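Structure first, commentary second.
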Amino acid sequence: MRNFFKLISIALMLIIFLSSCSINKKDIEPLSIPIVKTNFLMGTIVEVKIYDNIDDSIITKAFNRISEIEEKMTINNAETSEIIRLNNNAGNKETELSSDTFYVLQKGLHYSHLSQGAFDITIGPLVKLWNIGTDSATVPQNDLIDETLRLIDYKKLSINPSIHIAMLQNTNMKVDLGAIAKGYAADEAARILRDNGVEHAILYLGGNLLTIGRNPNGSPWKIGIQDPFSNRGDFMGIVNIDNKSVVTSGTYERFFEKNGKKYHHIINPKTGYPVENNLSSVSIISDKSIDGDGLSTTLLLLGLKEGRNVIESLSGIEAVFITNDKKVYLSSGLDGKLQITKSEFKLD
Ligand code: ADP
Ligand code: MG
């Protein structure tokens, strides 16, 4: 008799469990036409496309999270920014940071170490000097560049991970999270969507893209790799991915022209000038967008040869390198996986 009751109660629990599963499934039934919302955040256009039948107010939650990250990490709003506080305290005192800002700063230091300073999270004074991407962009005087170069050194940023404290050792030093903050914002926005039941979605934050799950028809997403010589959204090839981030850094993203020469926004901390090698862009495919963002900028700065060495030393992260003469180099994990759609691009 006792066994009989046990059996009945197990059967009842099973019925309740299965019926709750079917309710959940119905709630998030995939859509063939997505819910699309756009916003202007972190200095770029943010677009969220959700293919689940879900209350779209969660997109507002995701946008709010991006704004929160922007406010903490921007170099343009002294009222809210922890980074401006850290920079203003340079050479003077320690700054306590929120766990968001501390995490991104620590990632920035990681990529600075990994590239032995080709990527340098203390690039701030040079970014300010050039002002690329603003109306006041100029080619600075040589002596000003030399003077500013002395302020750039990630080894002079000390951090204490147990209490989230950071300090720049010398006055006028400045951290700039411009190369990785968008990646973190994308990761956090995606986390919020997932936590709220989203199973099929794509997020765009400027050149950063993040996919959630698979395409609603069950196949991987077909993601375009940006043609670095054309407009945003014009692709040179396609990769199939699911649950991954694709971030591209390119010398085409933000630049100005002076006397027929182009000056872009990724600066070589050794020379003080925009980096010049034969790379036009690097796209990174990774789980986390913060790593894609950090690495795409880092590998662009390192150049093809060193960049390839670094990517091969990392597992689960792949790269597409495109040179100025439209040659395409893939990391070994992408072998045979990029379908080139523009014939002028040649696989090496
Ligand atoms: P985008 O912002 O166009 O997506 P990136 O992710 O490649 O491009 O980041 C470029 C930004 O990184 C610059 O605008 C600047 O804020 C910052 N930056 C420039 N040079 C360096 C460098 N050597 N190390 C670290 N950050 C840099
Ligand atoms: Mg980047």
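Readers should treat all values here as calculations from the given coordinates under stated rules, not as data from a laboratory. Everything numeric here is computed off the predicted structure, so don't read it as measured data. A quick note on method: Cβ atoms are made from the backbone with ideal geometry, for glycine too, and the neighbour counts reach across all protein chains shown.
Ranking request for peptides 298-307, 234-243: highest mean number of other beta-carbon atoms within 10 Å first, then the rest in descending order. Could you put the intermediate results ahead of the total?
Working: 298-307: 22.0, 234-243: 17.1.
Output ranking for 298-307, 234-243: 298-307, 234-243.
Our summary gives segment 136-177 a relative contact order of 28 percent, counting only alpha carbon pairs under 8 angstrom and 6 or more residues apart. In terms of Cα atoms, the Rg and Dmax of segment 296-348 work out to 11.0, 30 Å.
Under a Cβ-Cβ cut-off of 11 Å, what is the net charge of the residues other than Ser81 that fall near it, where Lys and Arg count +1 and Asp and Glu count -1?
Details: positive: Lys72, Arg85; negative: Glu70, Glu71, Glu79, Glu82.
Once positives and negatives cancel, what remains is -2.
Taking the inverse of the average 1/r across all pairs of different Cα atoms in the chain, what Kirkwood radius in Å do you get? Don't skip to the end; give the middle numbers.
Details: mean 1/r = 0.0459 Å⁻¹.
Hydrodynamic radius (Kirkwood, Cα only) of the chain equals 21.8 Å.
In the neighborhood of Ser332, defined by Cβ-to-Cβ distances under 11 Å, what is the net charge if each Lys or Arg adds +1 and each Asp or Glu adds -1? Please list the in-between numbers first.
Numbers: positive: Arg308, Lys337; negative: Glu312, Glu318, Asp335.
Overall, the nearby charge balance is -1.
Membrane-span-like helices in the chain (whole DSSP H runs, Cα extent of at least 27 Å along the helix axis, mean Kyte-Doolittle hydropathy of at least 0.0): 2-27.
Mind ranking 65-73, 114-122, 33-41 by how tightly packed they are, going by the mean number of other C-beta atoms within 10 angstrom, highest first? If you can, show how the numbers build up before the last one.
Numbers: 65-73: 19.9, 114-122: 22.0, 33-41: 14.1.
Highest to lowest by the protection proxy: 114-122, 65-73, 33-41.
Determine the gain in length on full extension of the stretch Glu68-Leu31; use 0.36 nm per residue of separation and subtract their C-alpha separation, reporting nm with one decimal. List each step's numbers first, then the result.
Working: separation 37, 0.36 × 37 = 13.32 nm, distance 2.95 nm.
Length difference between fully extended and current span is 10.4 nm.
Shown for Trp221, Trp130: other C-beta atoms within 10 Å of each C-beta, ranked fewest to most, produce the order Trp221, Trp130. For Lys337, the lysines whose Cα comes closer than 30 Å to its Cα, not counting residues fewer than 8 places off in the same chain, are Lys49, Lys107, Lys182, Lys222, Lys244, Lys288, Lys305, Lys326, Lys327, Lys346. Across Ile192, Ile59, Ile50, mean-square fluctuation computed from a Gaussian network of the chain (C-alpha pairs under 10 Å connected) peaks at Ile192.
The slack between Val139 and Thr171, meaning 0.36 nm per residue of separation minus the straight C-alpha distance, is 9.1 nm.
Rounded to 0.05, the FRET efficiency of the Phe235 and Asn77 pair, given R0 = 51 Å and the Cβ-Cβ distance, is 0.90. With the cut-off at under 17 Å, measuring from each backbone N in segment 34-66 to a point 7 Å along the Cα-to-Cβ line of Asn215 picks out 34-35, 49-52. Summarised in one figure, the compactness ratio Rg/Rh of segment 173-304, Cα atoms and Kirkwood Rh, is 1.01.
Based on the alpha carbons, how large is the Rg to Rh ratio for segment 68-210 when Rh follows Kirkwood?
Values: Rg = 16.2 Å, Rh = 16.2 Å.
Using Cα coordinates only, the ratio equals 1.00.
Could you compute Rg(Cα) / (2.2 N^0.38 Å) for segment 185-225, with N its residue count? Display every interim value, and only then the final one.
On the way: Rg = 10.4 Å, N = 41, 2.2 N^0.38 = 9.0 Å.
Cα-based Rg divided by the globular estimate yields 1.15.
Full extension of the chain between Arg191 and Ile45 yields a length gain of 50.6 nm, computed as 0.36 nm times the residue separation minus the alpha carbon distance.
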